[in-house]
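Trainee: Please find one structure pasted underneath; my questions will follow.
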Amino acid sequence: MHVSLTLICRSLSTSDLFSLMLSRSALQSNRLLSTSKVLQKQVQNVTIIGAGLMGSGIAQVSAQSKLNVVLVDQNDAALQKATKGIHSSLARVAKKKFAEDAAAQNKFVEGTTKYIKTTTNINEGVKDADLVIEAIVENIDVKRKLFAELEKNVKSDAILTTNTSSLKLSDIGLNLKNKQNFGGLHFFNPVPMMKLLEVVRHAETSDDTFKTLNDYGKAIGKTTVACKDTPGFIVNRLLVPYMFEALRMVERGDATMEDVDIAMKLGAGYPMGPFELTDYVGLDTSKFIMDGWHKAYPNEPLFKPSDLLSKKVAEGKLGRKSGEGFYKYTK
Ligand code: CAA
Ligand code: NAD
């Protein structure tokens, strides 16, 4: 918390800092009173748009906290895949929680899934939402179009958020009329396991919105950190260039991808090497990030496109989710 506050302090004016400190202390006093009670008043219905890797994980952790979830995608196949994935992820969680008790495991899985409804009808899916979390493809045009549509169909006090990995909130929400109720919730993959949630405010996000997003994060068991509306926020601004540099290292012939992965696991203590991690994130998502940042910062060598990545994506090798990326995966 100190680190995130220090990062923000460096770039905020005194008045910004003052209101941030006020909202921090408000947050802390609410935490003493009971965060979940405050949250129940504000966020009970969560709609998640995009039922891929991230959307299904966000649906799962929200349902685990007994929030009513609607999970939306463009087609039934995606929703069916997500439902199956959530079920098996919940089963893994249940195994840990209720080691020897099969009946309790089953009750947990079935009880949690009851909180999740699915639909392909976006307008219907968002109409009762207190909080909407967008987790669709990392493409600015597609996201902008979605947000313009969302705003027409949500309750006037609903909060709209994006789980973008790399785009600026102010770009995604450019055409929103009510920018005060718009913010960022950046989750990490795999959502049920990763404890962090980056809560992001852009210049016009209201204090109330920012506070509600922090309360939501805490209610679903995440540790929240705050970040300004800067591409990649904290984690990806540091992690993604490292992943890109690993690609260039192999393209230059400095080392094999297998050795790069071994080196970073055994020499730096990372749970996965950068190629394993890119497979985990998705090569398509990684390429969207790279292309977007290269377009925005054409002279930045850190964001230079990678032929190796482009070739894999063109071949449909998108990582774990498609069965093959840099490595092959069997079920
Ligand atoms: N759901 C539920 N439980 C899960 C799970 C999931 N999806 N994935 C892992 N687990 C749990 C299970 O309890 C599992 O035990 P079981 O196999 O007995 O069920 C336990 O974790 C250990 O998992 P694994 O044995 O499969 O493997 P592991 O020990 O290597 O842990 C990992 C898996 C947590 C993913 C770990 O490898 C890791 O932390 N990897 C790095 C992940 C990372 O860096 N994520 C950030 C990516 S960047 C990002 O997300 C931002 C972006 O915008 C791109
Ligand atoms: P994914 O490819 O697994 O899933 C995206 C889903 O969105 C697909 O099911 C697709 O059918 C659906 N979709 C696309 N356009 C849609 C629309 N207009 N309406 C409804 N559904 C639509 O992608 P993902 O990995 O879950 O990433 C989703 C978002 O989360 C991206 O912005 C990504 O940058 C971000 N993110 C990804 C990771 C990661 O590790 N993969 C981590 C953090 C954030």
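The values are calculated or read from the model by the stated rules, or taken from the named source; none is laboratory data. Being a predicted model, the structure only gives us computed values, none of them experimental. Don't worry about glycine lacking a Cβ; one is built from the backbone with ideal geometry, like all the others, and counts go over all protein chains shown. The accessibility values were calculated without ligands, DNA or RNA, using every heavy atom of the protein model including side chains. Shrake-Rupley method; radii C 1.70, N 1.55, O 1.52, S 1.80 Å.
Trainee: Exactly one condition in (1) in contact with a helix residue (DSSP H, G or I) (Cβ under 9 Å, 6 or more places away or on another chain); (2) surrounded by 22 or more Cβ atoms within 10 Å (Cβ to Cβ); (3) of a type outside the set (D, E, K, R); (4) under 30 Å from LYS97 (Cβ atoms) is false for THR224; which is it?
Mentor: (2)
Trainee: Here are the criteria: (1) closer than 17 Å to VAL132 by Cα; (2) within 15 Å of ligand 2 (Cβ to nearest atom); (3) surrounded by fewer than 17 Cβ atoms within 10 Å (Cβ to Cβ). Tell me which single one MET194 does not satisfy.
Mentor: (1)
Trainee: Quick one: is GLU276 in contact with a Lys or Arg (Cβ under 9 Å, 6 or more places away or on another chain), in a helix (DSSP H, G or I) and without any contact (Cβ under 8 Å) to a residue 60 or more places away in the chain?
Mentor: yes
Trainee: Still on this structure: Out of curiosity, is GLY323 touching a Lys or Arg at 6+ places or on another chain (Cβ under 9 Å) and within 14 Å of ligand 2 (Cβ to nearest atom)?
Mentor: Considered against the rule, which asks whether it is touching a Lys or Arg at 6+ places or on another chain (Cβ under 9 Å) and within 14 Å of ligand 2 (Cβ to nearest atom), GLY323 comes out as yes.
Trainee: Another question about this same structure. If a residue has to be under 15 Å from ASP73 (Cα atoms) and part of a helix (DSSP H, G or I) to count, how many in segment 126-144 make the cut?
Mentor: Qualifying residue count, segment 126-144: 3.
Trainee: Restricting segment 155-191 to residues that are open to solvent by 40 Å² or more (accessible area, probe 1.4 Å) and closer than 14 Å to ILE140 by Cβ, which is nearest to ligand 1 (Cβ to nearest atom)?
Mentor: LYS168
Trainee: I've got another one for you. Which members of segment 319-331 meet the condition of being within 22 Å of the chain's Cα centre (by Cα) and open to solvent by 40 Å² or more (accessible area, probe 1.4 Å)?
Mentor: If the condition is that a residue be within 22 Å of the chain's Cα centre (by Cα) and open to solvent by 40 Å² or more (accessible area, probe 1.4 Å), then ARG320, LYS321, SER322 are the ones that fit.
Trainee: Which one of the conditions (1) within 21 Å of SER166 (Cβ to Cβ); (2) aromatic (Phe, Trp, Tyr); (3) open to solvent by 50 Å² or more (accessible area, probe 1.4 Å) does PHE275 fail to meet, given that it meets all the rest?
Mentor: Unmet condition: (3).
Trainee: Looking only at segment 283-318, which residues are touching a strand residue (DSSP E or B) at 6+ places or on another chain (Cβ under 9 Å) and either buried (at least 20 other Cβ atoms within 10 Å of the Cβ) or closer than 22 Å to LYS143 by Cα (or both)?
Mentor: LEU283, ASP284, THR285, SER286, LYS312, LEU318
Trainee: Name the residues in segment 58-89 that are within 13 Å of ligand 2 (Cβ to nearest atom), within 12 Å of ILE116 (Cα to Cα) and not aliphatic (A, V, I, L, M), would you?
Mentor: Result: GLN60, THR83.
Trainee: Out of all the residues in segment 51-69, which are surrounded by fewer than 24 Cβ atoms within 10 Å (Cβ to Cβ) and closer than 18 Å to GLU124 by Cβ?
Mentor: ASN68
Trainee: What is the one condition in (1) closer than 20 Å to MET194 by Cβ; (2) open to solvent by less than 30 Å² (accessible area, probe 1.4 Å); (3) touching a Gly at 6+ places or on another chain (Cβ under 9 Å) that LEU90 does not satisfy?
Mentor: Exception for LEU90: condition (3).
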